[in-house]
Amino acid sequence: MGERWSGRGNGYSSGSGQGESTRPTIRDVARKANVSIATVSRVLGGAGLSTPKTTKAVLDAAAVLGFRANRAGQGLRSGVSKILGIILPSLTNPIFAECAEAIQCFAQERGWSVLIMTTRYDAANEMAAFETLMSYSVAGFIVTVADADDSPVLDAMDREGVPYVLVFNQPRQPGRDFVSIDNTAASYAATKAMIDHGHRHLIMIAGSLAQSDRSKRRAEGFSAALNDADLPAGKIIELSFERDDRDSQLLDLLSQPDRPTGFFCSTDILALRVIGLLKSVGLRVPQDASVVGFDGISIGGLIAPSLATVLQPSYSQGEETCERLIERISSEKPRWPQGRLLSFELLERESLGNSPDTAEPIVLPSPT
């Protein structure tokens with residue numbers, strides 16, 4: 001109880017007197033005991049959440065490898081620190097960076113520290129980040145995962161009794177606390193605004209649906225708005241969040257008869273890409289095509305034309321998520337109900353205009 005671990009880069013030290021180069025790591029203990037790194041961390045931290053058999057296996061492995069606990073650690077209670085683990089898909093998207101800043105400021109004001117890892121929208125990286133942060137005996141997690149209803153890392157947290165709160169995710173599965181907005185309702189509102197401006201041929205540019213349950217929900221709202229307006233189902237084109245894909249699918253659409261006049265994008269970053277592409281082939285926004293994004297990043301209001309978008313309160317989401325997590329860590333019966341949907345705002349800026357009377361296909365230059 002109250003133990004801290006020291007050593008070269010792995011948070012542990014060996015009592016064998018061996019040199020730095022031969023010190024075993026937490027991974028060595030996990031491998032020898034045939035358990036996860038997270039399990040080793042919790043057993044050696046005295047959290048008491050493992051079975052007697054697992055606990056014995058870990059302690060035996062640590063003894064054989066020559067580990068010893070450094071009890072000089074400060075600020076630990078019941079084997080955990082006043083450190084929060086933050087797992088986000090990326091910090092290149094301002095929406096996540098702003099949320100991370102809010103979490104860090106809120107935590108620091110209350111005497112907590114944070115460790116942040118990013119996953120590049122990959123479920124395997126989410127598990128690796130979890131195990132790494134567990135090796136630092138973090139007290140709980142704020143997480144954005146690829147799919148909150150099908151998530152190995154959330155299943156692992158549930159099994160091990162680790163406190164966590166989701167941010168941006170909107171799980172359908174009960175029992176998982178979260179702070180988000182209603183992504184389906186927000187995308188429905190954005191799509192309806194385009195329909196109200198006379199657009200009848202709409203497409204959605206989405207981040208990979210397999211990498212983001214937020215994209216899935218936004219696609220649901222897009223499709224529902226078209227259906228309610230008795231319009232044909234809109235095409236959904238998926239683009240990678242991380243890789244700068246060649247936009248050949250979009251170019252092909254623009255060169256066809258009856259080309260789209262409205263583009264709903266599941267993030268502002270994707271919307272900015274679409275505006276750049278439209279301009280590169282000689283189309284004007286919004287005179288020839290309208291573009292609506294999602295997130296409300298600040299740069300969207302600074303470009304010309306300014307970006308119409310769904311504004312979600314990323315800073316407020318970070319603050320409330322952090323408050324909820326600290327409450328869960330500190331109280332066996334937190335006062336919060338599970339799950340909170342914050343309000344969103346549709347910003348009808350310059351990139352949203354009336355549909356042109358005709359939408360002639362463009363003639364693309366021959367490839368060089």
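Some values worked out for this structure:
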read-out: Residues of segment 141-154 classified as under 24 Å from Ser331 (Cβ atoms) and surrounded by fewer than 21 Cβ atoms within 10 Å (Cβ to Cβ), total; value: 0
read-out: Selection from segment 96-122 of residues that are under 18 Å from Val162 (Cα atoms) and open to solvent by 50 Å² or more (accessible area, probe 1.4 Å); value: Ser113, Leu115, Ile116, Met117
read-out: Scan of segment 116-142 for residues that are closer than 18 Å to Gly207 by Cβ and touching a Leu at 6+ places or on another chain (Cβ under 8 Å), ordered by number; value: Thr118, Thr119
read-out: Helices (runs of 4 or more DSSP H) contained entirely in segment 45-162, each with at least 1 residues that are at pLDDT 95 or above and farther than 25 Å from Ala33 by Cβ; value: 94-109
read-out: Considering residues of segment 173-190 that are among the β-branched types (Val, Ile, Thr) and in contact with an Asp or Glu (Cβ under 7 Å, 6 or more places away or on another chain) only, the residue most open to solvent (accessible area, probe 1.4 Å); value: Thr184
read-out: Any hit, segment 191-204, residues being free of Cβ contacts under 8 Å to residues at least 60 places away in the same chain, closer than 30 Å to Asn125 by Cβ and either surrounded by fewer than 19 Cβ atoms within 10 Å (Cβ to Cβ) or in contact with a Gly (Cβ under 7 Å, 6 or more places away or on another chain) (or both); value: no
read-out: The listed residue being open to solvent by less than 50 Å² (accessible area, probe 1.4 Å) and at positive phi, out of Gly318, Gly339; value: Gly339
read-out: Breaking point among (1) open to solvent by 50 Å² or more (accessible area, probe 1.4 Å); (2) modelled with pLDDT of 95 or more; (3) in a loop (DSSP other than H, G, I, E, B), for Pro286; value: (1)
read-out: Test: Asn93 is more than 20 Å from Val138 (Cα to Cα) and open to solvent by 10 Å² or more (accessible area, probe 1.4 Å); value: yes
read-out: Neighbours by Cβ (under 7 Å, 6+ apart or cross-chain): first from segment 273-286, over 16 Å from Ser306 (Cβ atoms); second outside any loop (DSSP other than H, G, I, E, B) and open to solvent by less than 40 Å² (accessible area, probe 1.4 Å); value: Leu277/Leu250; Val281/Leu254
read-out: Residue match in segment 182-201 (condition: over 30 Å from Pro24 (Cβ atoms) and within 13 Å of the chain's Cα centre (by Cα)); value: no
read-out: Unique match (being more than 23 Å from Cys105 (Cβ to Cβ), modelled with pLDDT under 95 and out of contact with any Lys or Arg (no Cβ under 9 Å at 6 or more places or on another chain)) among Leu278, Leu254; value: Leu254
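The values are calculated or read from the model by the stated rules, or taken from the named source; none is laboratory data. Because the structure is predicted, anything quoted here is derived from the model rather than measured. Glycine also receives a Cβ, built like all others from the backbone with ideal geometry; neighbour counts cover every protein chain displayed. The accessibility values were calculated without ligands, DNA or RNA, using every heavy atom of the protein model including side chains. Shrake-Rupley method; radii C 1.70, N 1.55, O 1.52, S 1.80 Å.
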